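A.B. asks: I'd like to ask some things about the structure below.
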Amino acid sequence: MKNNAYYHDMLTSRIPWGSSTCSKRVTWPPEEPAVIVRGRGCRVWDADGREYIDFRNGLGPISLGYCYPEVDEAIREQLSRGIIFGYPHPLEAEVAHLFSEIIPGAERVRFLKTGGEAVAACIKIARQATGRSHVIQIGYNGWLNALAGRGLALPGQAAAAQVPGVPPELSALHHAAGWNNREQLEELRVRLEGRIAAVVVAADYDHFEDGATFYPFLRQFADQTGAALVFDEIVTGFRIAIGGVQEYFGVTPDLAVFAKGVANGMPLAVYCGKAAWMRHLEQAIVSSTYGGDALSLAAAKAVIGIYRREPVIKHLWQMGERMWGGLEAIFAARGIPAVVAGRRPVAFYHFLPTAAPGLPERLGRAFCRAGVTLYRGGYVNYSHQKQDIDEALERIRQADF
Ligand SMILES: Cc1ncc(COP(=O)(O)O)c(C=O)c1O
């Protein structure tokens with residue numbers, strides 16, 4: 001029988017980590033679903049036919065909901081005309097212009113498939129433009145960029161001082177800095193004087209509001225050092241605000257990357273920025289066969305239309321408040337030593353040091369048994385309605401842990 005157990009064996013016997021995406025690795029079988037076979041709106045179903053109210057949202061890309069009709073229709077319509085061609089498709093032009101309209105500072109726009117490679121493209125642009133080699137990274141910017149000793153190897157997971165699989169010579173050009181750690185940045189400014197090509201920053205969700213002063217500080221830091229300021233908006237774009245932190249905090253970077261959420265799950269990454277920086281792509285080559293495929297762009301065009309027409313961002317904030325505020329209240333009521341941090345469209349829960357070592361697992365298993373899939377907290381999407389959130393909270397409230 002092709003059930004969860006069958007697929008769990010299939011995955012773990014053939015695929016390192018049990019999945020091509022490390023964060024999808026199943027750690028708590030049999031409660032945790034081995035595979036998800038389908039989704040609709042805010043719900044997903046596993047191979048045993050169990051239903052979950054889902055807050056993982058594909059680990060971020062599902063911003064409107066699974067099988068969102070208008071987006072799926074746009075994909076189907078494009079599918080009937082072709083997926084990809086040997087010349088640009090009109091959608092490549094149209095969607096590039098749409099991004100210029102909705103993203104502050106997106107004077108030039110280009111497409112790739114994954115967030116990490118788009119950040120790598122920005123780093124290459126910055127190195128070409130400045131003639132410098134060193135890169136400061138704040139936060140996780142994708143596996144391809146996890147090069148700095150003690151930087152983030154995966155979201156929330158620090159690498160060793162010497163990163164496995166990375167030559168020390170390469171690692172020496174990458175420097176991990178902490179969110180809002182201004183002393184560390186000042187120290188790097190002195191140590192790397194005249195050698196910093198780029199400062200790449202992904203928001204810290206737990207201390208997000210520090211961005212109100214930290215982003216202006218980084219803008220000034222980049223202007224003074226001559227480095228490119230690169231915003232990783234892979235999670236914040238289309239969630240905190242359509243234009244991400246640059247819109248929310250009103251600080252325009254030189255280059256930026258958007259990915260999760262821009263095409264409701266279709267693989268599309270957008271790197272964009274000021275013409276003066278993006279023009280360096282004429283020398284620093286970035287090219288991929290699949291950049292600008294018509295299916296993902298059709299999805300992105302539909303997604304942007306919906307975001308512009310409907311109160312998607314407001315909904316994400318409101319439903320996030322209902323869900324994460326509710327979860328916090330349950331933690332408090334049941335005496336669970338955990339807090340929910342982050343802004344409401346992107347929230348994560350953390351256990352306090354007083355938590356018993358086995359508590360995360362016990363809670364994780366119980367949430368799955370109750371029919372709620374979380375990702376250390378997670379995301380709400382536009383299809384989560386009040387009754388879905390209330391049902392999820394009730395399931396958690398009743399959960400046995
Ligand atoms: C902030 C941030 N930047 C970059 C990435 C990498 O994007 P991708 O997995 O599409 O390469 C992620 C993925 O989790 C992310 O959360």
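A.B. asks: Between residues in region 4-22 that are in contact (Cβ under 8 Å) with a residue 12 or more places away in the chain and residues that are within 16 Å of the ligand (Cβ to nearest atom) and of a type in the set (A, V, I, L, M, F, W, C), which pairs lie under 6 Å by C-beta distance while being six or more apart or on different chains?
C.D. replies: From residues that are in contact (Cβ under 8 Å) with a residue 12 or more places away in the chain, the pairs are CYS22/LEU154.
A.B. asks: Sort out which residues of region 367-389 are under 23 Å from ALA47 (Cα atoms) and free of Cβ contacts under 8 Å to residues at least 60 places away in the same chain, and write them in order of number.
C.D. replies: PHE367, ALA370
A.B. asks: Checking ARG132 against (1) more than 16 Å from the ligand (Cβ to nearest atom); (2) farther than 15 Å from THR252 by Cβ; (3) not in a loop (DSSP other than H, G, I, E, B), which single condition isn't satisfied?
C.D. replies: It is condition (3) that ARG132 fails.
A.B. asks: Could I ask something else about it? Checking ALA269 against (1) closer than 20 Å to HIS315 by Cα; (2) within 12 Å of the ligand (Cβ to nearest atom), only one condition comes out false. Which one?
C.D. replies: (1)
A.B. asks: Further question on the same structure: What's the number of the condition HIS280 fails, among (1) under 23 Å from GLY58 (Cβ atoms); (2) outside any loop (DSSP other than H, G, I, E, B); (3) of a type outside the set (D, E, K, R)?
C.D. replies: The one condition HIS280 does not meet is (1).
A.B. asks: Moving to a separate point now. Would you pick out the residues in region 49-77 that are out of contact with any Pro (no Cβ under 8 Å at 6 or more places or on another chain), more than 16 Å from the ligand (Cβ to nearest atom) and within 24 Å of ARG395 (Cβ to Cβ)?
C.D. replies: Result: GLY49, GLU51, ILE53, ASP54, LEU64, GLY65, TYR66, CYS67, TYR68.
A.B. asks: How many of the residues in region 93-128 are outside any helix (DSSP H, G or I), within 11 Å of the ligand (Cβ to nearest atom) and under 19 Å from ALA198 (Cα atoms)?
C.D. replies: So the answer is 0.
A.B. asks: Taking region 217-240 on its own, how many of its residues are under 21 Å from GLY265 (Cα atoms) and either part of a helix (DSSP H, G or I) or of a type in the set (S, T, N, Q) (or both)?
C.D. replies: Result for region 217-240: 1.
None of the figures in this text is laboratory data; all of them are computed from the coordinates on show. The shown structure was predicted, so the numbers you read here are calculated from the model rather than taken from an experiment. As a convention, Cβ positions derive from the backbone with ideal geometry for all residues, glycine included, and neighbour counts pool all protein chains shown.
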